[in-house]
Amino acid sequence: AKPVIIDCDPGHDDAIALLLALGSEKLDVKGITTVAGNQTGDKTINNALRVLSYLDIHKEVAKGATKPLIRDLITAAEVHGESGLEGPELPEPSFEKSEKSAIELMYEIINQSKEKVTLIPTGPLTNIANLFLAYPSVKDNIEEIVLMGGACFGGNWTPAAEFNILVDPEAADIVYRSGLPVTMCGLDVTHKAQVLGDETERIRSIGNKASKLVAELLDYFAIFHMNPNFGFDGPPLHDVCAVAYVIDPSIFTTKKHNVEIDISGELTVGATVVDYYDTSGKEKNVNVVFDLDREKFIDMLYDNLKKYN
Ligand code: BDR
Ligand code: CA
């Protein structure tokens, strides 16, 4: 199994991404780190611990940055509610967070791993940037970074920017210029990864704790994305795409492009500027994910949820 670290801000789709990763025999989740984003740093670590406690899974979970590198934190209570994970009833955590900080835990895991580690960030990139600033040598033992963030076309938090990148554009800039292979699951693909029709009910009918949780997360996540906000036909599984890509890239369509982060634009700060027509001739530093086989993706989630007791 591939050694991975999930760096997240749960978050409904983050929580579902965690469940997919933990249920897959293709991945070995070495550690989970949390970051401020959808909600404050205190709430996102608590949510990660509550999800794992509900499932009786004791993984090391370390708390990371409580604010972006230089900006004030933006949160997404409109989408994820006051707790960051409104909807399902979850127990209080039954175990403590790690004594290490997120970057200490990531450093330790990457340093000790015999195989190169894949990073899967599904929130703002603050922790990953802090890791590279504090311990640049970790890059030698990182396989790739498969993240949810950005978009080639359009934004969801401003006309030009996707939420995760907008929250901490300076951190994103450090990660995109890190020299490591970066795969970007942005809105181009994640808006196609909607849960449609009776699929939520199909998931619920699996009947175990994990599927019940996912169905209740989807019920809540659907509210914001269906009318009037985005007018989607179902909730988009943004973060789940990043985990699914690491499990099986063959169900996704990608193309390499030069991508830079706008950190100073008045209208476009936080945009992932994709050189779609290769006008600059600059290095194609990012593998941009554009499309997916949606049905295979939903089946992957379904099959992995079935593996839980
Ligand atoms: C991203 O923002 C968050 O609200 C979601 O968890 C996802 O990571 C989508 O723009
Ligand atoms: Ca997220």
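Rule-based calculations on the coordinates, nothing more; no lab input. It should be emphasised that the depicted structure is a prediction, and the values quoted were computed from it without experimental measurement. Backbone-built Cβ (ideal geometry, glycine too); neighbour counts: all protein chains shown.
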- Task: Please work through the chain and write down the cysteines that have no neighbouring cysteine Cβ at a distance under 4.7 Å.
- Result: CYS8, CYS152
- Task: Please state, to two decimals, what the Cα-based radius of gyration of region 143-226 comes to when divided by 2.2 N^0.38 Å (N = residues).
- Result: 1.35
- Please list, in chain and number order, the residues 5+ apart from GLN194 or on another chain whose amide H is under 5 Å from its amide H, with Hs placed from the backbone. LEU237
- Note on the structure: Note: region 31-187, point scatterers on Cα, Debye, no solvent; log10 I/I(0) at q = 0.09, 0.12, 0.15 Å⁻¹ equals -0.28, -0.51, -0.81
- Message: Considering just Cα atoms, how many Å³ per residue does the convex hull of the chain enclose?
- Response: 119 Å³
- Task: List the residues whose amide H sits under 5 Å from the amide H of VAL117, counting only those 5 or more places along or on another chain, with H placed 1.01 Å from N in the peptide plane.
- Result: ILE142, GLU143
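Holding the Cα-Cα limit at 28 Å, pick out from LYS139/LYS284; LYS43/LYS256; LYS30/LYS67; LYS2/LYS307; LYS139/LYS212 the pairs that are longer than that. It would help to have the intermediate numbers written out before the result.
On the way: LYS139/LYS284 19 Å; LYS43/LYS256 36 Å; LYS30/LYS67 24 Å; LYS2/LYS307 18 Å; LYS139/LYS212 38 Å.
Correct reply: LYS43/LYS256; LYS139/LYS212.
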- Message: With the crude spin-label approximation of a point 7 Å out along Cα→Cβ, what separation in nm comes out for TYR276 versus ILE70?
- Response: 3.0 nm
- Message: Helix-only mean residue ellipticity at 222 nm, the chain, DSSP H runs n ≥ 4 weighted -39,500 (n - 2.57), per residue, nearest 500. What is it?
- Response: -10500 deg cm²/dmol
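Quick check on packing: order 82-88, 95-101, 41-47 by the mean number of other C-beta atoms within 10 Å, highest mean leading. Can you show the working numbers first?
Working: 82-88: 19.3, 95-101: 14.9, 41-47: 23.4.
The densest-packed peptide leads the list: 41-47, 82-88, 95-101.
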- Provide the FRET efficiency to the nearest 0.05 for the PHE230-SER137 pair, computing r from the beta carbons and using R0 = 30 Å. 0.10
- Task: Return P(r) of region 162-309 (all Cα-Cα pairs; 10 Å bins starting at 0; whole %; ordered from short to long distances).
- Result: 11, 34, 32, 18, 4, 0
